[in-house]
Structure formats: structure tokens, C-alpha cells
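Written out below as C-alpha cells is the structure these notes cover.
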Amino acid sequence: MKNNKWFYLILLSLIWGSSFILIKKALVGLEASQLGSLRIIFSSVIIFFIAWKKIFTIKKLEWKWITISAFLGSFFPAFLFAFAEKEIDSSVASIINSIVPLNTLILGMIIFKIESTKRQIIGVLIGFFGTYLLITSGLKLNPDQNYNYAGLVILCSFLYALNVNIIKKYLQHLSALTITVGHFTAIVIPAILVFLFSDFKYESLENESTQVSIFYVFILALFGTALAKIIFNKLIKIASPVFASSVTYSMLIVSIFWGLIDGEKFSIYQVIATLIIVFGVILTNKQTGTSKN
């Protein structure tokens, strides 16, 4: 079980670390609302094809938490990240997203009454200080980018953190695949409605840029959403919420690598800020006494 959780963590790091550059590339030929809705629609089709029968195993009372979890962990983030990456670099979005474990700890304390140590609280403060440095250094390095949109990524990190705690507390008894099928059952219709009202021009399908963008969205949906959701829900079941959410900083190497290959600027100050964030997150995961993640 312990080895499995590390395998899942590494696999997710590779998949999700590549998701940010795919979003960036898909935005070349698609609007943010179109990207977000198509990502959910494609993912839903893939998941339903794999395990549609799982829908009938979900009990009526479980749909409440599955629906809430679906909107927090899948629906809203699909759109928020797309809008954010229209204005900020993909690598920066990934780094800011790495504060999810910090928010998982905060929400765990406030909402779910999970105890925390002084070391973890210090880690949260250090992590947010690093986030502040990252954003301010980004403003100087890329004055043409609107770093107000970094707030959308920060909002996503809170949504993800809340979702992790909800799954751990209310949906632990369900299989990872069942939770994933339930998620996309709950949000596929809203996603279709968003796409229909997104003013998508079907004649644009003849354009190469639109075709390539849709291909990127499909790859993103297949690996970054459908497959990754199954793996992530599995990880939550066999590990602690904070360990599961720590994938957001282990995938930084992958996302920064893709960003640099794509010509994104990354200063020494942003490197320092990233290390500060990672150090803060590591403190929140530090085991003390007999407590184990």
C-alpha cells in the first residue's frame, strides 16, 4: 500500500505536470469557456465508455456529496485554469497550484476539525509567503501579463483542497472509479450547456489551429482528467488528504520543464519563491510522533 501511493504520486506528477502546457496550447484555437467545457465533455465520454455501469451502484444519499465534489474538483477548475492561462504562464499557474496541500490543511482544521501541529502552521505561512514572492517577481519579469488572474489559480487550490477533504470524509467507502463516474455524470450536462452558449463557430473546424487545439483538449481529457481522476481518487483512498494533495508540488519539475521548452521566462527569484513554497508544503507533510500520512 505504501509503495502504491508513491507510484500513483509519481504517475500523477507526470500527467498533471504536462496538463498546464496542454491548456496553454489548446487556448491558441479555442476560447477558455470552450476549452473547459470540451475537456469535461471528452472526459465524460471516455469515463462512460469505460465504466458506465458504475453509475447504478451509487446510492441516492451519496449523490449529494458526489455532486458537490464534482463541481469543486472538476467543473469549476476546468474553466478557472483556462481563463488564468490566457494571462499568465503555464509554469507559474502550476507553481501557484502547489499550495493545495496548504489549503487542504487550513480547511481541514477550520471545517473538518482536523488537528494540526505548530510545524504545519508554520509551513502554511512559509508557503503563502513564497506564493507572494512568486507573484511579485512574475509582475516584474512579465509586465505584459495580468497577474490578477493568478487569483483564479489560488481559488482553484482552495476548491481542490475542499474536494480532497470531502472525498476523504464522505466518499471513502466508494471505489475510485465509481467516484469518477459519478463526478462526470453530475457535470456533463452543465458542461454541454456552457459549450452551446460559448459562441463556438463550427466553420472554424476547418482551421488547422482549431483542429490542433481540439486535439490537445482530447489528450488533456484522456490523460489529464479522465485517467488522472481515477488515479487521484485511488490515491486519496490509500493515503492522507495532505499526502494526496502533495502531487501539486511534485509535478512542478515537469510543468516548469515544459514551460522553459516553450520559451516561458523564469527568473532566479521565481526559483527561490518556488523552493520556499515547496519547503512550506514539506513542513505541512512532516510526520511527528506516531502520526503517519
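Rule-based calculations on the coordinates, nothing more; no lab input. What you see is a predicted model; the values in this text were computed from it and never measured. As a convention, Cβ positions derive from the backbone with ideal geometry for all residues, glycine included, and neighbour counts pool all protein chains shown.
The figures follow:
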read-out: Spatially proximal lysines relative to Lys59 (Cα-Cα < 22 Å; intrachain offsets below 8 disregarded); value: Lys168, Lys169, Lys229, Lys234, Lys237
read-out: Full-extension gain in nm, Ile68 to Glu206, via 0.36 nm per residue minus C-alpha separation; value: 45.9 nm
read-out: Label-to-label distance, nm, for residues given as Ile261 and Lys169 (7 Å Cα→Cβ offset); value: 4.0
read-out: Surrounding net charge for Leu162, when Lys and Arg each add one and Asp and Glu each subtract one, Cβ distance under 12 Å; value: +2
read-out: Relative contact order computed over the chain (Cα-Cα under 8 Å; 6+ residues apart), in percent; value: 42
read-out: Backbone HN-Hα couplings from phi across segment 66-73 [Karplus 6.51/-1.76/1.60, Hz, Gly and Pro as x]; value: 5, 5, 4, 4, 5, 6, 6, x
read-out: Residue exposure sequence - Tyr132, Tyr147, Tyr160 - by fewest surrounding Cβ within 10 Å; value: Tyr132, Tyr147, Tyr160
read-out: Efficiency of FRET between Glu115 and Lys86 - r from beta-carbon atoms, R0 41 angstrom, step 0.05; value: 0.55
read-out: Dipole axis of the chain (+1 Lys, Arg; -1 Asp, Glu on Cβ), positive-most option in Ile230, Gly29, Ile41; value: Ile230
read-out: Inter-label distance for Trp52 and Ile268, nm, one decimal - labels placed 7 Å from Cα along Cα-to-Cβ; value: 5.8
read-out: Sparsely packed trypsin sites (Lys or Arg not before Pro) within segment 1-103, loop by DSSP, other Cβ within 10 Å at most 13; value: Lys59, Lys60
read-out: Nearest-0.05 FRET efficiency for Asp199 and Leu141, computed from C-beta distance (R0 41 Å); value: 0.75
